[in-house]
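Asks: Please find one structure pasted underneath; my questions will follow.
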Amino acid sequence: MLSLPVLRLPHLALKEVLKCWNPIELFTFSQCSRKAARVIPLAGTRNFHLSCQCYRFITINRMYMFEIGKTRRRRIFEMNLVYQCHSIDCAVEIVAWDECISFWADQWDGFRKFIFYLSDLFQCHITSYSITSYTSDLTVLQFLQFGQEIVGKQDEIKQLSIEFGSKNSNDFPAFLNDSNVLNVTETLYLYTIGVEASGDVEYKFAGAPKCFILNHARWFTRKTLQSLENCTLIDLNSPGLVHKDVNELVNLWKSGRFSALEYFQIKLAFEPGSPIGGLINLKDYSNRMRRIKKIYRHTYDVLEGAVIQRDDGQKADVRLNFWEEKFKLLVHSEKDKFEYVELITID
Amino acid sequence: MSVENAPVVDVDEAAIPVEKKMYYRFESNDKKEFRVSELAIQQSETLNRLVEAMGYTSEDVENKPAIAIENIDGKTLKLVFQWCEHHKGEAIPVDDGSVPKIVEIPEFDAKLMDIDNGLLFKLIWAADYLNIVQLLNVSCKKVANMAQGKTPAQLRRVYLLPSDEEDEAAKRAAQEAQDPRAREVEEEFEERKRQGGNSFF
């Protein structure tokens, strides 16, 4: 027998064969026929993490890349495998064991067709979507529409990352107004270097995710911070806040507000000698245990933390590094890990 | 076939602990008999349970008839038992959930599986039936490796996969062969489904 009828293997054996293939090989196999495509989820593909960057790159499990290319006539390398994908009507070139390119006349249309095809084929969710203003000419409206298409299919997006630079900063208010419809459940990364503070506009989040990570946000005010009360993780880099706003947040936490908060970090210029949460001494050099906390895929730690206590007895480590302009608050939990760090003294 | 004339799988005596030195006799569906060590049998969950349930003594295995394995032929069973003897005493692997699954094919296994695809197909069925986890792993890995560097059109030939058009043609042919009245009913049902009707009746 020259051929081996793979679909006539016992169920478990077929599953084992499929499990030996990576996502790109599974995709190629799926192009054989509809019957072949139907067995793909046996490989355990429902657990795949499908993420996309702008409309150019789709990655699976952060390793296997499906690039969306502009139609071209020639192969990139003569040795590469090229075939026509009849199910989604595009040419595909396998450029490496972990990378392939599909070619489209309209990349934006191709991207949407391709990612939803992969999501259906592998029966997995699109877990993460990111867009940067520097590499994408995508408008925020297109981005939001696509986000809504995702949510229409799977109810939520776990991680969303969006960058507003000089090119698309005017779209920021529109994004903020509509961002709650995207139902980001795990982490929202915002890079808003191009967005200016606006005296009369106060930005608030209607449905904040569990983790909120922000970079360069002069528009971010005390009211915005208060709208993140249900967050587990808040990491703010250069927001439009001042020392007393941080003090107020810690006081609110002590009184029982921000009860879901497990970690808070903020980078700004602090006032020397001013207290935060009633503490003047915001470090304890004798505390040599680095407390490490993992929240989803994010790992944070505090060394030399001073202990602060909430009214209900819940404790947290706080640490202000004046020179790094960084304040950290890590709420104690049994799941925290510890690492002993020796004090280095210079004679 | 008498035990004397039976093809006996080579056994590495030194590797078998003294207290485990018992050989079971199995017979394929084409009446070929094999003697297999107790330790080698442990690679097969199915056979291991079977011999445990039988509770044979050393005398029983000699005096009672060989245990029949009715859906595996001698050629395939010989490969299976050769594999089991070579890997006796090894731990049964547990799937670590890595994607893709990492499976190394040892040199012995590669040589053993240097066979035509028909026999490889039978070997996989046997490994599945006898529940020999690692033999199933390596044989399926060999099948998976056949896909390397192939286009979907080439894969269809390697794995004997009909195209969608061929599948539809086969379905039509099967319908043609059906009773014409049953076919009419089925076509009507399909038509109603297309029109979005909830109920046929």
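Rule-based calculations on the coordinates, nothing more; no lab input. Remember, predicted model here, so these are calculated numbers, not experimental data. Note that we place each Cβ from the backbone using ideal geometry, even for glycine, and neighbour counts take in every protein chain shown.
Asks: Compute the label zone of residue A:289 within the range A:309-326: residues whose backbone N is under 12 Å from the point 7 Å along Cα-to-Cβ.
Replies: A:317
Asks: Additional query: What is the packing order of peptides B:25-35, B:131-141, taking the mean over residues of other C-beta atoms within 10 Å and listing the highest first?
Replies: Result, highest mean first: B:131-141, B:25-35.
Asks: Continuing with this model, one more query. Let's test the formula: R0 of 45 Å, r as the Cβ-Cβ distance of residue B:92 and residue A:72. What FRET efficiency results, to the nearest 0.05?
Replies: Taking R0 as 45 Å, the efficiency between residue B:92 and residue A:72 is 0.35.
Asks: Another question about this same structure. Would you mind checking A:204/A:315; A:293/B:142; A:70/A:204 for any pair whose Cα atoms are more than 32 angstrom apart?
Replies: A:293/B:142; A:70/A:204
Asks: Among DSSP bridges having both ends in the protein assembly as shown, what percentage is antiparallel? Round to the nearest 5.
Replies: 55
Asks: Ranking request for peptides A:32-42, A:306-316: highest mean number of other beta-carbon atoms within 10 Å first, then the rest in descending order.
Replies: So the order, starting with the most tightly packed, is A:32-42, A:306-316.
Asks: Report, as an integer, the average count of C-beta atoms from other chains found within 10 Å of each Cβ along B:114-127.
Replies: For peptide B:114-127, the averaged partner shielding equals 3.
Asks: Around residue A:60, under 13 Å between beta carbons, what's the net of Lys plus Arg minus Asp minus Glu among the other residues?
Replies: -2
Asks: How far apart, in nm, are the 7 Å Cα→Cβ label points at residue A:309 and residue B:68?
Replies: Rounded to a tenth, the inter-label distance reads 8.0 nm.
Asks: While we're here: Between the range B:23-61 and the range A:91-135, what is the separation of their alpha carbon centroids in Å?
Replies: 53
Asks: A further question on this structure: Excluding residue A:18 itself, calculate the net charge of residues whose Cβ lies under 12 Å from the Cβ of residue A:18, where each Lys or Arg counts +1 and each Asp or Glu counts -1.
Replies: +3
Asks: Based on the mean of other beta carbon atoms within 10 Å per residue, what is the order of A:164-173, B:117-126, A:273-282, most packed first?
Replies: With the highest mean Cβ count within 10 Å placed first, the list reads B:117-126, A:164-173, A:273-282.
Asks: Right, here's the next one. Counting only other chains, what is the mean number of Cβ atoms within 10 angstrom of the Cβ of each residue in peptide B:93-103?
Replies: Per residue, the number of nearby Cβ atoms from other chains is 4 on average.
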